[in-house]
Amino acid sequence: MAKHWTAIENQQFIDIMKQYRESIKDQKEAKSIKKITDSFVNDLLLNSVLANRSKQAIYEHITYFDDLLDGISKKENYSKKDGIYFNTERREYKAHHNPLRVWRNASYKS
């Protein structure tokens, strides 16, 4: 079973989200967004709070948190414990969802 993300770990993503979103907002191709996301992931890996997390886990969590904070989809489609973050930090631009998000269930996209 996957290890739950702590509030301290989640705060690392909240702290960089504005800068992350600013970096990807004008990108049209998923390849460009992935390159930027990989750069943020590599920076987050240097954070001692996230030292026990894999690169893939951080990659998936940054895209998940991007949508969660913006309130994309329905609150029920996110982990119950993450509900406190839902729709708390809207994007400054209109977006449907992070195109790199790894969906666990295709029905969550709607």
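The values are calculated or read from the model by the stated rules, or taken from the named source; none is laboratory data. Just so you know, these numbers come straight off a predicted model, no measurement behind them. Heads up, the Cβs are rebuilt from the backbone with ideal geometry, glycines too, and the neighbour counts pull from every protein chain shown. Protein only, heavy atoms only, side chains kept; ligands, DNA and RNA dropped before computing areas. Shrake-Rupley method; radii C 1.70, N 1.55, O 1.52, S 1.80 Å.
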Angstrom value of the Kirkwood radius, inverse mean 1/r, which spans all Cα pairs in the chain: 14.3 Å
Net charge of Cβ neighbours under 12 Å - reference His4; Lys, Arg +1; Asp, Glu -1: +2
Could you pull the accessible area for Thr6 with a 1.4 Å probe, rounded to 10 Å²? 60 Å²
Within straight-line cross-link reach of Lys34, lysines at Cα separation under 21 Å, skipping those fewer than 8 residues along the same chain: Lys18, Lys25, Lys55, Lys94, Lys109
When all protein chains stay in place, what accessible area (Å², nearest 10, 1.4 Å probe) is found for Glu76? 140 Å²
Contact order relative to length for the chain, counting C-alpha pairs under 8 Å separated by 6 or more residues, stands in percent at 25 percent
What is the distance, in nm, between label points placed 7 Å from the Cα along the Cα-to-Cβ direction at Ala51 and at Asp15? 1.5 nm
Quick one: how many Å² of Ile8 are accessible to a 1.4 Å probe, rounded to 10? 110 Å²
Shape category assigned to segment 20-82 from the gyration tensor of Cα positions, a/c cut at 1.5: oblate
Whole-Hz ³J(HN,Hα) from phi, Karplus 6.51 cos²θ - 1.76 cosθ + 1.60, for segment 56-71, glycine and proline x: 5, 5, 5, 4, 5, 6, 5, 6, 4, 5, 4, 5, 4, 5, 7, x
